[in-house]
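The values are calculated or read from the model by the stated rules, or taken from the named source; none is laboratory data. This structure is a prediction, so every number in the text was calculated from the model and none was measured. In this analysis, Cβ positions are derived from the backbone assuming ideal geometry, glycine residues included, and neighbour counts consider all displayed protein chains. These accessible areas exclude ligands, DNA and RNA; they are computed on the full protein's heavy atoms, side chains included. Shrake-Rupley method; radii C 1.70, N 1.55, O 1.52, S 1.80 Å.
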Amino acid sequence: QLQASGGGSVQTGGSLRLSCTASGNVVYINAMSWYRQAPGKQRELVGRMINGGVPDYADSVKGRFTIFENFAKNKMYLQMNDLKPEDTAVYYCNAAVVIGEVGGNFWGQGTLVTVSS
């Protein structure tokens, strides 16, 4: 019900755009977020977009990452510029949505981003 895509391998300073799509009978999106988990580390919040609000970001990515949303099409994007090796992680999208008559918090399957020096 939540599909993330767009990961890949880039060199330091490169860019990638991740996409997240909610599928099914999506009635309403309250918020969508990006998280990441590096090897041996806990999952951390990268950025969040609340419906009708403005995105907020982790300090480590401010000025480099930008969240775009198209909630009308159940989509969210993460534009990542000036990537650094420490950005290497599996990136997950998360959505607080109402699908059909069920509201809940859903996770995508993750997409791997590898940044080489």
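Kindly provide the set of residues from the range 31-53 that are basic (Lys, Arg) and in contact with a strand residue (DSSP E or B) (Cβ under 6 Å, 6 or more places away or on another chain), ordered by number. Correct list: Arg36, Arg43, Arg48. Among the numbered conditions (1) crowded, with 20+ Cβ neighbours inside 10 Å; (2) modelled with pLDDT under 95, the only one that Phe65 does not meet is (2).
Residues checked against (1) open to solvent by 30 Å² or more (accessible area, probe 1.4 Å); (2) at pLDDT 95 or above:
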site: Gln37; (1), (2): yes, yes
site: Met76; (1), (2): no, yes
site: Met80; (1), (2): no, yes
site: Asp87; (1), (2): no, yes
site: Cys93; (1), (2): no, yes
site: Val97; (1), (2): no, no
site: Asn105; (1), (2): yes, no
site: Val113; (1), (2): no, yes
